[in-house]
Amino acid sequence: MAEYRIDDLAQAAGTTVRNVRVYQDRELLPPPRREGRAAIYSDAHLVRLRMIINMLERGYAFAQIREMLSAWESGRSLADVLGLEEVMGESWAEEAPRAVTTTDLRTMFGKQFTPSNMRRAQDLGLLERRGAKFVAPSPQLLDAGRELVSLGVPLNEVLDLAEQLQSDVDHVAGLLVEVVRKHVLGPAEWTPSRDEVPHYADVLQRLRTLVMSALSAAAARSAQRVIPEVLGDKLIELLEKKPGEAS
């Protein structure tokens with residue numbers, strides 16, 4: 001499970017350190033673990049923070065959020081609550097983030113390693129700034145981008161593709177999750193009892209595998225169908241050209 005200092009937690013949730021402290025003062029966010037003078041937050045805190053932000057965006061006031069969170073925690077120990085939230089917050093990625101330097105990125109992308117492209121990569125979450133270095137949360141996506149650029153695709157179009165791909169995948173994953181929410185988790189206003197928490201933690205773990213497997217299988221089927229079609233069209237185009245005709 002990941003650990004965060006307060007500035008890292010705020011960055012991961014897309015908010016500010018000041019807001020995190022406000023949510024703690026309003027008793028919406030559980031206190032961090034202390035290691036000496038350092039405050040250490042977990043994935044469970046990140047999930048709770050995102051829940052708070054989502055509820056604020058929906059128009060709920062602090063008092064309403066605190067009341068709903070209190071109802072959620074009612075009859076449960078903090079360990080029960082954070083246990084389920086930790087399952088929700090665990091990384092679904094089957095890869096470890098990779099640290100990369102500006103030198104690495106220049107080697108990968110050459111002259112296309114520009115301030116504007118790097119800012120956009122950070123806005124899309126493909127790169128995260130950590131002091132003088134960057135971190136790629138998904139090295140596989142970074143490597144895919146490098147391969148596309150090496151094939152001749154402009155980096156700005158690769159970033160366009162990454163943004164569209166993330167939006168499309170979010171939509172499909174949302175459909176899968178909504179089906180489970182509707183038929184397994186029950187109404188939005190319902191919360192599990194203490195005895196039910198382990199069961200629903202298991203549901204979330206199984207949902208993780210289900211979503212990953214379904215998306216992977218669907219992507220493989222699409223690639224198997226679409227790539228030959230595209231290459232076939234290009235081959236037909238080349239065969240139809242007259243001898244000596246410029247390609």
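The values are calculated or read from the model by the stated rules, or taken from the named source; none is laboratory data. On a predicted model such as this, the values are computed, not experimentally measured, just so you know. Virtual Cβ from ideal backbone geometry, glycine too; neighbours counted across all protein chains shown. Just the protein is used for accessible areas: all its heavy atoms, side chains included, with ligands, DNA and RNA removed. Shrake-Rupley method; radii C 1.70, N 1.55, O 1.52, S 1.80 Å.
Are there any pairs, at least 6 apart or on different chains, whose C-beta atoms fall under 7 Å, with the first in the range 42-71 and of a type in the set (Ser, Thr, Tyr) and the second surrounded by fewer than 16 Cβ atoms within 10 Å (Cβ to Cβ), and if so, which?
Between residues of the range 42-71 that are of a type in the set (Ser, Thr, Tyr) and residues that are surrounded by fewer than 16 Cβ atoms within 10 Å (Cβ to Cβ), the close pairs are SER42/MET1; SER42/GLU3.
Restricting to the range 144-159, give me the number of residues that are open to solvent by 20 Å² or more (accessible area, probe 1.4 Å) and either charged (D, E, K, R) or closer than 26 Å to GLN11 by Cα (or both).
5
Go over the candidates LEU56, LEU84, LEU69, LEU29 one by one and state the one that is open to solvent by less than 30 Å² (accessible area, probe 1.4 Å), modelled with pLDDT of 85 or more and either aliphatic (A, V, I, L, M) or not in a helix (DSSP H, G or I) (or both). Walk me through it before giving the result.
Values: LEU56 fails: open to solvent by less than 30 Å² (accessible area, probe 1.4 Å); LEU84 fails: modelled with pLDDT of 85 or more; LEU69 fails: modelled with pLDDT of 85 or more.
Being open to solvent by less than 30 Å² (accessible area, probe 1.4 Å), modelled with pLDDT of 85 or more and either aliphatic (A, V, I, L, M) or not in a helix (DSSP H, G or I) (or both) holds for just one of LEU56, LEU84, LEU69, LEU29, which is LEU29.
Consider only pairs whose beta carbons are under 7 Å apart and that are at least six residues apart or on different chains; among these, list those whose first residue lies in the range 204-216 and is touching a residue at least 12 places away in the same chain (Cβ under 8 Å) and whose second residue is of a type outside the set (Lys, Arg) and not in a helix (DSSP H, G or I).
Going by the 7 Å Cβ cut-off, the qualifying pairs are ARG208/TRP92; MET212/TRP92.
For LEU141, work out the one condition from (1) surrounded by fewer than 13 Cβ atoms within 10 Å (Cβ to Cβ); (2) among the hydrophobic types (A, V, I, L, M, F, W, C); (3) at pLDDT 80 or above it doesn't fulfil.
So LEU141 meets the others, but not (1).
Considering the range 32-53 alone, what residues qualify as being in contact with a helix residue (DSSP H, G or I) (Cβ under 9 Å, 6 or more places away or on another chain) and not in a strand (DSSP E or B)? Reasoning before the result, please.
Start the filter on the range 32-53 by keeping residues that are in contact with a helix residue (DSSP H, G or I) (Cβ under 9 Å, 6 or more places away or on another chain), which leaves 32, 39, 41-53.
Hits for the range 32-53 are PRO32, ASP43, ALA44, HIS45, LEU46, VAL47, ARG48, LEU49, ARG50, MET51, ILE52, ILE53.
For GLU189, all conditions in the list (1) modelled with pLDDT under 75; (2) charged (D, E, K, R); (3) surrounded by 11 or more Cβ atoms within 10 Å (Cβ to Cβ) hold save one; what is the number of the exception?
All conditions are met except number (3).
Inspect the range 104-123 for any residue being modelled with pLDDT under 90 and open to solvent by 90 Å² or more (accessible area, probe 1.4 Å) and give the result as yes or no.
no
If you take the residues in the range 3-26 that are part of a loop (DSSP other than H, G, I, E, B) and open to solvent by 40 Å² or more (accessible area, probe 1.4 Å), which one is nearest to TYR60 (Cα to Cα)? Full working, then the answer.
So the first thing to find is which residues in the range 3-26 are part of a loop (DSSP other than H, G, I, E, B), and the list is 5, 14-16, 26.
In the following step, the residues that additionally are open to solvent by 40 Å² or more (accessible area, probe 1.4 Å) were identified as 5, 14, 16, 26.
On the way: ARG5: 27, GLY14: 19, THR16: 19, ARG26: 14 Å.
Here the residue is ARG26.
Being of a type in the set (Val, Ile, Thr) and touching a residue at least 40 places away in the same chain (Cβ under 8 Å) is the filter here, so list the residues in the range 121-161 that pass it. Walk me through it before giving the result.
Initially, the range 121-161 is screened for residues of a type in the set (Val, Ile, Thr), giving 135, 149, 153, 158.
Correct list: VAL149 only.
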